[in-house]
Amino acid sequence: MTLVLLVEDDARIRGGIVRNLAARGYETRATSNGLEGLTLIVDEKPDVVLLDLGLPDISGLDLLRMVRAVSTVPVIVVTARDDDDEIVRTLDLGADDYIVKPFSVNQLEARVRAVLRRSRDTEEVDQPIVVGGLRIDLAARTATLEGRSLDLSRKEFDLLAALAQRAGRVVTRRQLLAEVWSQPFGGSDKTLDVHLSWLRKKLDESASRPRYLVTVHGVGVRLVDPGEEPPR
Ligand code: CA
């Protein structure tokens, strides 16, 4: 059974999420207290954590930093406002995804499923990553689109691979610059944009008509299955 830990200080929201997830077959633990949440992560080893950023005892960002020091558990940050800067900071600190209140249970469960799929996939590194008609073989460094082999440069492949390894989730510009261009403190956005547009061309799409590569304004880029998920 999948264990979801919810760290949320609003009793009404907490109760609602717990009830709904339980009704869908998830096991849940919940706390209103950030530091107790950290203890539960260590003791109970949940499969996924839903972390409210606005907690009374500790800032969500500080808590996330502490969680990442002790655990690689997938973390979905729950934020009350659509604050791009804050969302980018949490993703840079190692959150796996975020969701903005108010949200539907369907949306929440889809995010939970996506991060779980991802954390289970990483255990099988030799398996190609399949996203819709895209197939990315990290070991062989090859990619195909609808069975047709893609002729990608080294950086284009690295960029696609970085996105594919977190398919469905937003990867921040800073994360991409760090992983693909070894520039952990940020670098030229231009370089990233140019490579993105080259990659888009090879995937038969453009920034104005995205299919697989969806720009999340002010945050980063998500690789999605165009048949499964509308751009958000
Ligand atoms: Ca709160």
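The values are calculated or read from the model by the stated rules, or taken from the named source; none is laboratory data. In this text the structure is predicted, and so the values were computed from the model without any measurement. Because the Cβ atoms are built from the backbone with ideal geometry, glycine has one as well, and the counts that use them run over all protein chains shown. Just so you know, the surface numbers come from the protein's heavy atoms only, side chains and all, with ligands and any DNA or RNA stripped out. Shrake-Rupley method; radii C 1.70, N 1.55, O 1.52, S 1.80 Å.
Rounded to a whole number, what % of the accessible area of segment 129-223 do carbon and sulfur atoms account for, probe 1.4 Å?
50
Taking the Cα atoms only, what angle lies between the long axis of helix 34-44 and the longest principal axis of the chain, rounded to 10 degrees?
Roughly 80 degrees, rounded to the nearest 10.
Could you sort 195, 217 by accessible area so the largest value comes first, with the probe set to 1.4 Å?
Per-residue accessible area, sorted high to low, gives 217, 195.
How many nm separate the modelled label positions at residue 83 and residue 24, each set 7 Å beyond the Cα in the direction of the Cβ?
2.7
Normalise the Debye intensity by I(0) for segment 3-125, one equal point scatterer per Cα, no solvent, then take log10 at q = 0.09, 0.10, 0.15, 0.16 Å⁻¹ and round to two decimals.
-0.21, -0.26, -0.61, -0.70
Rounded to the nearest 5, what % of DSSP beta bridges with both residues in segment 3-125 are antiparallel? Before the final figure, lay out the partial values.
On the way: 1 of 18 bridges.
Bridges in segment 3-125 that DSSP calls antiparallel: roughly 5 percent.
State in Å² the accessible area per residue of the chain; use a 1.4 Å probe, count heavy atoms of protein chains only, and round to the nearest integer.
For the chain, the per-residue accessible area is 49 Å².
Quick check: Cα centre of segment 1-63 to Cα centre of segment 156-215, how many Å?
Cα centres, segment 1-63 to segment 156-215: 32 Å.
Can you give the convex hull volume per residue for the Cα atoms of the chain, as a whole number of Å³? Don't jump to the answer; show the numbers that get you there.
Numbers: hull volume 29.5 nm³, N = 232.
Taking the convex hull of the Cα positions in the chain, it is 127 Å³ per residue.
Rounded to the nearest 500 deg cm²/dmol, what is the calculated helix-only ellipticity per residue at 222 nm for the chain, with -39500 (n - 2.57) per DSSP H run of length n ≥ 4?
-12500 deg cm²/dmol
To the nearest 10 square angstrom, what accessible area does residue 215 show with a 1.4 Å probe?
Its heavy atoms expose roughly 70 Å² to the probe.
Run the dipole for the chain about the Cα centre, Lys and Arg Cβ at +1, Asp and Glu Cβ at -1, nothing else charged, and hand back the magnitude in debye, nearest 20.
560
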